[in-house]
1. Keeping to the range A:25-49, report how many residues are at pLDDT below 90 and exposed (fewer than 11 other Cβ atoms within 10 Å of the Cβ).
2. For a quick check of your reading of the model, give me the residue pairs whose first member lies in the range A:312-339 and is more than 14 Å from every other protein chain (Cβ to nearest Cβ) and within 14 Å of A:Gly284 (Cβ to Cβ), whose second is surrounded by 16 or more Cβ atoms within 10 Å (Cβ to Cβ) and modelled with pLDDT of 75 or more, with beta-carbon atoms closer than 6 Å and at least 6 apart or on different chains.
3. Please work out which one of (1) within 10 Å of chain A (Cβ to nearest Cβ); (2) without any contact (Cβ under 8 Å) to a residue 40 or more places away in the chain is the condition B:Ser119 fails and give its number.
4. I'd like the full set of residues that are free of Cβ contacts under 8 Å to residues at least 24 places away in the same chain and either touching a Cys at 6+ places or on another chain (Cβ under 7 Å) or assigned to a helix (DSSP H, G or I) (or both), limited to the range A:123-143.
5. In the range B:39-66, how many are of a type in the set (Asp, Glu) and under 26 Å from B:Glu260 (Cβ atoms)?
6. Just need a number here: residues in the range B:77-123 that are assigned to a helix (DSSP H, G or I) and within 20 Å of B:Val223 (Cβ to Cβ).
7. Which of the residues spanning the range A:264-292 are touching a Pro at 6+ places or on another chain (Cβ under 7 Å) and on the phi < 0 side of the Ramachandran plot?
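The values are calculated or read from the model by the stated rules, or taken from the named source; none is laboratory data. What you are looking at is a predicted structure, and each value in this text was computed from that prediction instead of being measured. Every residue, glycine as well, gets a Cβ built from its backbone with ideal geometry; the counts of neighbours run over all protein chains shown.
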Amino acid sequence: MTSETSRPSAMLHGGPRQKSVIEQLLGIRELAPGLGLIVVALFFTAQTANFWSPQTMTAITTVASTIAIVSIGVTMLMISGEFDLSVGQNFAFTPIIWALLFVSNGINEWVALVIALVVACLVGVVNGLVTTIFAIPSFIATLGMFFVLQGMNNLLISGHQLIMFDPSIAMSVLGARLGTTPFYMPLLWMFVIAGAFWFVLARLRYGNWTFATGGRVGPAKAMGVPTARVKRINFVVSAFLAGLAGCMQFAYIRGVTQGQGQNYELLAITAAVLGGTSLFGGTGTIWGSVIGAFLLSAIQIGLVLIGVPGSFYVTFIGVMLVIVVIANVRLGRFGGSQA
Amino acid sequence: MSNAELHSGAPESAPEHNHHVDRSATPVFELKSISHSYGRNRVIFDVNLAVWPGEVVALVGDNGAGKSTLLKIFAGYQRPTAGTLRFMGKDVQFSTPAAARAIGIEAVYQDLAIVDQLSLWRNFFLGKEIVRKVGPLNLLDRNEMRSQAQKAITQLGLTRVHTVDEAVWSLSGGERQSVAITRAMHFGAKLLLLDEPTAALSVRETRNVLHNIRRARDQGLGVLYIDHNMGHVLPVADRIVLLELGRVVRVIDRGEVSIEELQDLIARRTDHA
């Protein structure tokens, strides 16, 4: 990219002036997905009698919160310019390891959880090292990891289900119901994790480096940002959060199959993109991805409520994804200069 | 055309004739008997070159003369195969650009100056963020960085930038370099290296970049730069170093030659070779 091509013609206005309220609002990346979520909610409120019922709220928030947690990690990684296609398989791999260790082999549940999460992180370490050392696209490196983990999951529980009828303390911490509300622990954890990573991006040096690494790696490196290390750390963040969210899912459902988390790698990326994260790196927001996850979940549950076959919703999501990306490109805010 | 533009109505070109470089002081950077080879291919032959504080030195010569290799040696990308480097009077050895930056040698490249998606203040402080300690955390001191960046950018006179919170993808190549030069000055660089800073720039932008080179010089920085356009070299350079096939063949002081003579010098030298 040369300096000539990176100069869009959009900035034609002259001297300094104050930005209008509308311009300031348009500058908020979460605005568009937020409005989308409101429209979707209004639509299903009008079309169904029980969109706001406790059962529906439980369904939407539990699906949304695990996708959101996975998507937060994926967003960090996408902002730094890389992808992770292995998160969906990791979403099953990590709880399978946890469950095998403490349900089947009687190891202390907390120790087992730590071991499982360390293994999840190791997956991220391998993804990061393979991508940065061999300089191959992370798309390929993590697609390879996708198949590796899929095979591992197959090998570990070979089509069976691991079930824990009597939830342990660790499982309650990760997946229990919040009092008498229709909400469950994953939702609470989602807010904690989203808040933490919002803070990292906005307030810490590391956040600045993450944006710079994905924005343009050359200048970032020239300014002394350890770009390879930033990417590696974000691969670990992505893998860790996928594994942790998988454990929450296990704790909430009290069981895990090798099919858990199927499509989650694509849903997590979709949530991030719907939330305004660039596919080319350099831009994105944590809360946008959270809203994107709720958008996916609300559509999924809402379509079921109005009688559409459960698996059809992905068709709808697919169309919406493409429209959103086209709109972002047209608005010229997709990946900054690359638009 | 661009040269005429540079002289007409450019207030900063007026005090040029009064500018004097004190060459009795210690040079910022000195190459002593530097030679360099890529494998068995020798490209730099016994070069001696010094840049003094507040001096602009231009490296000129035809393609293959060794300009870029010399600049890379200055910037720490290449370690010379023979000879010594002296920085502020002390022998130094560095093998990475980061090490060169750490002692105050700042290289500015047109296409490596700015991260488009970051706001101006985040760009300005990238890699050198100001933090304040809150408990165990080092938080970005955003207000401090904003106000410092705002001050520096205001001096720079970027009219198209409304606030330092704006993303910088609208900045032109020249503005990017001007920001980078200002940043180098802000962080106390001693030596500024520029590789063809005016390539592909408009007349107005070229003037801005040259103005900022003078500003850096006036603050006592040494500046070394490569340029192909003699019309851009003459107005700012205190000395012009003519390279040919890896050797310094002539050092020209300010005002000794005209643009035409300079162009002839480079062309004729090459014709003979």
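1. 2
2. Correct list of pairs: A:Val324/A:Leu274.
3. With (1) within 10 Å of chain A (Cβ to nearest Cβ); (2) without any contact (Cβ under 8 Å) to a residue 40 or more places away in the chain applied to B:Ser119, the lone miss is (2).
4. Within the range A:123-143, A:Val126, A:Val130, A:Ile133, A:Ile140, A:Ala141 meet the criteria.
5. So the answer is 2.
6. The total comes to 7.
7. A:Leu274, A:Gly275, A:Gly288, A:Ile291, A:Gly292
Here is a yes/no grid of residues against (1) buried (at least 20 other Cβ atoms within 10 Å of the Cβ); (2) not aliphatic (A, V, I, L, M):
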site	(1), (2)
B:Gln177	yes, yes
B:His186	no, yes
B:Thr198	yes, yes
B:Ala216	yes, no
B:Gln219	no, yes
B:Val236	yes, no
B:Val241	yes, no
B:Val249	no, no
